[in-house]
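Asker: Pasting a structure here, questions to come.
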Amino acid sequence: MEYGILKITTEQAQEITEQLFGIKGVAFPLPGEVDFNFRIKTNKGHGYILKVSRPEEDTDYLDYQQQLLLYVEQRAEGIISPKVIKDTSGNMVSDYRDEQGKLRKIRLLSWVPGRIWSGVNPQLDDLRFSLGEQCGLLASALSGFDHPQAHRNFEWDVAQSLWIKEHLDLFATDEKEILQFFVEGFEEVQETYGKLRKSVVHNDANDNNIIVTEDLIHPRVRAFIDYGDAIHTQIINDVAITCAYAVMHHNDPLEASLSIAEGYHSSFPLKEEDVSHLYWAIAMRLGITVTKSALNKIKEPDNAYLLVSEKPAWEVLRKWCKIHPEFAHYSFRKACGYPAHPKKSKFETWSKTNAFLLSNLFPTVSRDQVEHLDLSVSSRWVGHQEEFNDLELLQFKLDRLQKEHPNKILAGGYLEPRSLYTTSAYDKIGNSGRESRTVHLGVDFWLRENTPVHALLDGEVVTAINDAGDKEYGGLVILKHNMDGFEFYTLYGHLIPESATKHEVGSQIKAGENIGLLGNFPENGNWAPHLHFQIMLSMLGYKDDFPGVAYPNQLEVWKDLCPDPNHLFKVKGLEPVKSNSNPELIEYRKKHLGKSLSLQYKIPIKMVRGAGQYLIDQWGRKYLDTVNNVAHVGHENFKVVKAGQIQMALLNTNSRYLHDNINALAQELLETLPPELSVLHFVNSGSEANELAIRMVKAATGQKDIIASEVGYHGNANICVDISSYKFDGKGGAGAPEHTHIIPLPDAFRGKYRGDNTGDLYAKEVQHRIDDIRAKGRDVGGFIIESIISCGGQIELPQGFLSKAFELVRAAGGLCISDEVQVGCGRVGKTFWGFQLHHVVPDILTIGKPLGNGHPLAAVACTQEVAEKFANGMEYFNTFGGNPVSCAIGTEVLRTVKRENLQAHALEVGNFLKQQLTTLRKDYPIIGDVRGQGLFLGFELVDQQMQPLGEKADYLANRMKDHGILMSTDGPDHNVLKIKPPMVFTKDNAEELINYLMKVFGEDYMKA
């Protein structure tokens, strides 16, 4: 019968509920494959779910569902499930004849409140763990239940799924090949699969049958509904079904499934033999889904529910078939607390009684001790990335290190996180942003070119190739070794290709026999000569290659699959280097560092390296830095670093001696400044610069009173704190000191005066402060303000405000200070200095963070008049201000900005990013305002009543960090996201930022 005729209307559903159960309510349709389902909302309680069967539904089957629900309600302590509601006659299943006179069976269940899984965003590991955990609890509760209908023929049962092979012709060639692969794989394991534990399980934890709590930040699965697919089957099928649906819409379905398996195992322990079939069971459930959809398109093309999972199921299938079954199996084992490889313990036991000398591997070297060579991401020996990539320089450093340790072999690298792999060929977009392979799985032995390499054990050649074209290993040989009850492999990489390819695959090599010779770049994979030696317990289907580097989030699996090569040698110095964990670092900070020091993000990050617009953690993960304007021309800019290193090797002293560097820096700076600002003083920080500026004001005017902006921040020295409303009006502050006078934050969006043409109104506030000072019988010393107020929330000064304010202050005898500590040196794009945006010239300019690119360097520029008045006989001397090293660095920073046209770059990229943020605002109205210039931008989060959304801003920053993008909040209400990245930040970086902002703005908490 046609679906349209069978369908029940909401009016009919309401009538049925009142007629049979005496309950009045409003019906809302719900999806369903077989039954017609409705939510019945009433004035009391959470309401009900009405289930109307199709004609001639099997009564025994409906009774089975009701009995199962009663069993769960009575026996499953702590599990929430729908409760059976009997009709007015006491029946659990009622009769109803529809308009065609067909008998329909009716059931009413209690409504379980919450959100369905498909409506929850984001779905993170904790939530997926709770899904597995709850599913396991339910499986445990159902283990004692049975019913004849539990043993019915059922197409959705994974155990019965091989029926799909009869319908493979429904699919296009590529789809058919994918399904054929999984069908054949499932058929191959039928003998062991058939022996797995069985029980009645829910069997349908799909994304519309899972109820999640209302908590938007830490949601948990609370219940399952719709027990219609429950069946007696292999227990692992229950896990597989849960995974199959929950991993949809994830870039890495295997990673997403691991927390589900872990959660299930925590409440219903899975056996090793169960876990070994999970990969195939997940695939077959997805295969059922797409096959049923293909059939339903023919059978009921207007029933949209029957097709709802088709597209995401195919997306998972296409990704799933690219995951090797063994790797999935080992990953699931690890998630469930087993060693990733079943033979791991056998290998470790064997290796305890078998030891080899390094001279067995390198007979011509005759050295059996090692000097550990650290090439990790935090290694000081590696130095700058550009230096490491200079292979001739690298070889020179290796030779020099070898001379220092002539009786040892330079070696190391097992489980070492490295940032040396510059290729993006193996990068991928995971479930939490970009991922790179960084963790080294073998040991590197650094020896001279042509050093012979010999076999440690008898083995069969399984790989002998020239891999140089892929820049991975160069000449590569892999041997298989058969031991008593297990096998393992040894890999020898970076050989001279001809010495590797002389071996025939399948041939035997005896212990002590020559394998090959160490190659040199570029034929050895473009490295300095060394042997990459690795142990594998499985080849994972590889024939002509094998990964030598792993993704950090897969480390626990890979270190079981690729045991420490030092199991064979037992040499001191080859052990993986251990470093303090993040919790240990945090604990030490709490004990011994200042209590007012804070850490960024709810889960802090340990950063060990910088590169351009990226910061890199101890595992080699790159974080796109949108916050750090200190690294003005890029983190660890090579030319800036070299300028400092070269000068540091020559001389560093104070400015009382003549030196070219201080003049060179002065010249570079003066070229960017208006002629009025022609005198410079060099200091070490923005705080020192602003403190010196205030001293100049007092010396030049004889006055102490300073006018500053609300939420302004000018440094951490005493005088700077005294003029920083951000500090003295914040936590721990005591309000404005006697000689500090604060104007309202000149914020045209949410300040005292709002909208266009507010410049004059805010300028009048400056006049009011002048009047207040004069009312106390004093005169104005000066006025200090940032040209874009950073801690205030990236506030652009209203048009006309700064010129008018300067005019008023000068008319009152005061001096004007432009604080460019954050916005200067070309960052605003349109001009080199922020004050130039407003067509004014200050009396004093303070320069800070950007000038040293991370090195402590700052400056004060002033007019000749101010300089002369400041030079009143009291010498100004700063031990480190203007030292040759700092000046060399600052000079190179300014030259880099000019040489690489970074000011124009900031304008172009900044305009693009600002336009994209403005477009984003249309879709996400909590973005109340987008503002700033160049690469000094911000956007403010507010509700419809213009109230600040600081908690959402904090959530956004922490979630963006999870995706590998560093953001931070600012503003008096901490509701502004600031964007002030290194100036090498690109348009592609901007697009990546926008894409992930869209992703996080789409999450439930941000939309609530």
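Asker: How long, wide and thick is segment 902-1007, going by the Cα atoms along their three principal axes, in whole angstroms, largest first?
Answerer: Computed over segment 902-1007, the largest-to-smallest principal extents equal 38, 25, 24 Å.
Asker: A 32 angstrom limit on the alpha carbon distance is what I want to check against. Which of LYS165/LYS195; LYS311/LYS344; LYS428/LYS606 exceed it?
Answerer: Among LYS165/LYS195; LYS311/LYS344; LYS428/LYS606, the Cα-Cα distance tops 32 Å for LYS311/LYS344.
Asker: About the Cα centre of segment 330-375, what is the dipole size in debye to 20, counting +1 per Lys and Arg Cβ and -1 per Asp and Glu Cβ, all else neutral?
Answerer: That gives a dipole near 440 debye.
Asker: With 13 Å as the cut-off, how large is the P(r) tail for segment 678-718, expressed as percent of Cα-Cα pairs?
Answerer: Values: 492 of 820 pairs.
Here the tail beyond 13 Å accounts for 60 percent of pairs.
Asker: Can you divide the C-alpha Rg of the chain by 2.2 N^0.38 Å and report the result to two decimal places?
Answerer: For the chain, the normalised Cα radius of gyration is 1.15.
Asker: May I ask you to evaluate 6.51 cos²θ - 1.76 cosθ + 1.60, the Karplus curve with θ = phi - 60°, for each residue of segment 572-577 and list the ³J(HN,Hα) values in order in whole Hz, giving x for glycine and proline?
Answerer: For segment 572-577, the Karplus-derived couplings read 5, x, 8, 5, x, 6 Hz, x marking Gly and Pro.
Asker: Kirkwood hydrodynamic radius for segment 390-438: how many Å is it when counted over pairs of different Cα atoms?
Answerer: Over segment 390-438, the inverse of the mean reciprocal pair distance is 13.7 Å.
Asker: Would you mind ranking TYR48, TYR876 so that the residue whose beta carbon has the fewest other beta carbons within 10 Å leads the list? Present the calculation step by step, with values, prior to reporting the outcome.
Answerer: Numbers: TYR48 23, TYR876 14.
So the residues, fewest neighbours to most, are TYR876, TYR48.
Asker: Assuming 1.002 mPa s and 20 °C, estimate D for segment 86-177 with Stokes-Einstein, Rh taken as the Kirkwood radius over Cα pairs, in µm²/s.
Answerer: Once the numbers are plugged in, D ends up at 114 µm²/s.
Asker: Where does helix 310-320 land angle-wise versus the long Cα axis of the chain, in degrees 0 to 90, nearest 10?
Answerer: Orientation of helix 310-320: about 80 degrees from the principal axis.
Asker: A follow-up question, please. Here is the link list: LYS704/LYS776; LYS698/LYS776; LYS176/LYS297; LYS639/LYS978; LYS622/LYS830. Which ones come out longer than 20 Å on Cα distance?
Answerer: Those over the limit are LYS639/LYS978; LYS622/LYS830.
Asker: Roughly what % of Cα-Cα distances in segment 116-335 sit above 20 Å, to the whole percent?
Answerer: Value for segment 116-335: 55 percent of Cα pairs lie more than 20 Å apart.
Asker: Moving on to the next point. Give, rounded to the nearest 20 debye, the magnitude of the charge dipole that the chain has about its Cα centre when Lys and Arg contribute +1 at Cβ and Asp and Glu contribute -1 at Cβ.
Answerer: It works out to roughly 2060 debye.
Asker: Let me ask something else. Put +1 on the Cβ of each Lys and Arg and -1 on the Cβ of each Asp and Glu in the chain; which of SER432, ALA464, LEU401 then has its Cα farthest toward the positive end of the dipole?
Answerer: With unit charges placed on the Cβ atoms, the residue in question is LEU401.
Asker: Can you work out D for segment 804-918 in µm² s⁻¹ from Stokes-Einstein, where Rh is the Kirkwood radius over C-alpha pairs, the temperature is 20 °C and the viscosity is 1.002 mPa s?
Answerer: Rounded, D is 133 µm²/s.
Asker: Taking every pair of Cα atoms in segment 3-113, average 1/r, invert it to obtain the Kirkwood radius, and report Rg/Rh to two decimals.
Answerer: 0.95
Asker: Peptides 841-851, 133-143, 202-212, 59-69: what's the order by average Cβ count within 10 Å, highest mean first? Walk me through the intermediate numbers first.
Answerer: Numbers: 841-851: 27.3, 133-143: 21.6, 202-212: 23.5, 59-69: 17.9.
By packing density, highest mean first, the sequence is 841-851, 202-212, 133-143, 59-69.
Asker: Follow-up question, since we're still on this one. Percent of alpha carbon pairs in segment 623-770 separated by more than 28 Å?
Answerer: 42 percent
Asker: Report the rotationally averaged projected area of segment 447-492 based on its alpha-carbon convex hull, in square nanometres.
Answerer: Over every viewing direction, the Cα hull of segment 447-492 projects on average to 4.0 nm².
Asker: Another question, if that's okay. Taking other Cβ within 10 Å of each residue's Cβ, how do PHE880, PHE347, PHE985 sort, fewest first?
Answerer: The most exposed by this proxy come first: PHE880, PHE347, PHE985.
Asker: Rank by packing, highest mean first: peptides 731-739, 632-640, 769-777, 488-496, with packing defined as the count of other Cβ atoms within 10 Å averaged across residues.
Answerer: 488-496, 632-640, 769-777, 731-739
Asker: So what are the ³J(HN,Hα) numbers for segment 14-19, from phi and the Karplus equation (6.51, -1.76, 1.60; θ = phi - 60°), rounded to whole Hz, Gly and Pro as x?
Answerer: Calculated HN-Hα couplings, in order: 5, 5, 4, 4, 6, 5 Hz.
Asker: A follow-up question, please. Among ALA27, GLY610, ALA700, whose Cα projects farthest towards the positive end of the dipole of the chain, with charges put on the beta-carbon of Lys, Arg (+1) and Asp, Glu (-1)?
Answerer: My answer, from the dipole projection, is ALA700.
Asker: Toward the positive end of the charge dipole of segment 253-372, about the Cα centre and with charges on Cβ (Lys, Arg +1; Asp, Glu -1), which of PRO325, ASN354, ALA256 goes farthest?
Answerer: Checked the options; the winner is PRO325.
Asker: Show me the three semi-axes of the equivalent ellipsoid for segment 498-634, from the C-alpha gyration tensor (sqrt of 5 times each eigenvalue), largest first, rounded to whole Å.
Answerer: 41, 20, 15
Asker: Under a no-solvent Debye model with one identical scatterer per Cα of segment 401-471, what's log10 I(q)/I(0) at q = 0.18, 0.25 Å⁻¹?
Answerer: Here the Debye-derived log intensity ratios amount to -1.08, -1.28.
Asker: Right, next: Can you quote the Å³ per residue value for the convex hull of the Cα atoms in segment 592-667, rounded to an integer?
Answerer: 192 Å³
Asker: Would you calculate the volume per residue, in Å³, of the smallest convex hull containing every Cα atom of segment 347-569?
Answerer: 124 Å³
Asker: Using all alpha carbons of segment 825-883, what is the percent of pairwise distances in each 10 Å bin, ordered from the shortest bin to the longest?
Answerer: Whole-percent P(r) values from 0 Å outward: 18, 42, 32, 8, 0.
Asker: Oh, and also: How long are the semi-axes of the ellipsoid equivalent to segment 120-232, from square roots of 5 times the Cα gyration tensor eigenvalues, in whole Å, largest first?
Answerer: Over the Cα atoms of segment 120-232, the ellipsoid semi-axes are 29, 21, 13 Å.
Asker: Taking neighbour Cβ counts within 10 Å as the exposure measure, how do LEU295, LEU997 sort from fewest upward?
Answerer: LEU295, LEU997
The numbers here are math on the coordinates, done by the rules we state, and not lab data. Since we're looking at a predicted model, the values are computed, not measured. Heads up, the Cβs are rebuilt from the backbone with ideal geometry, glycines too, and the neighbour counts pull from every protein chain shown.
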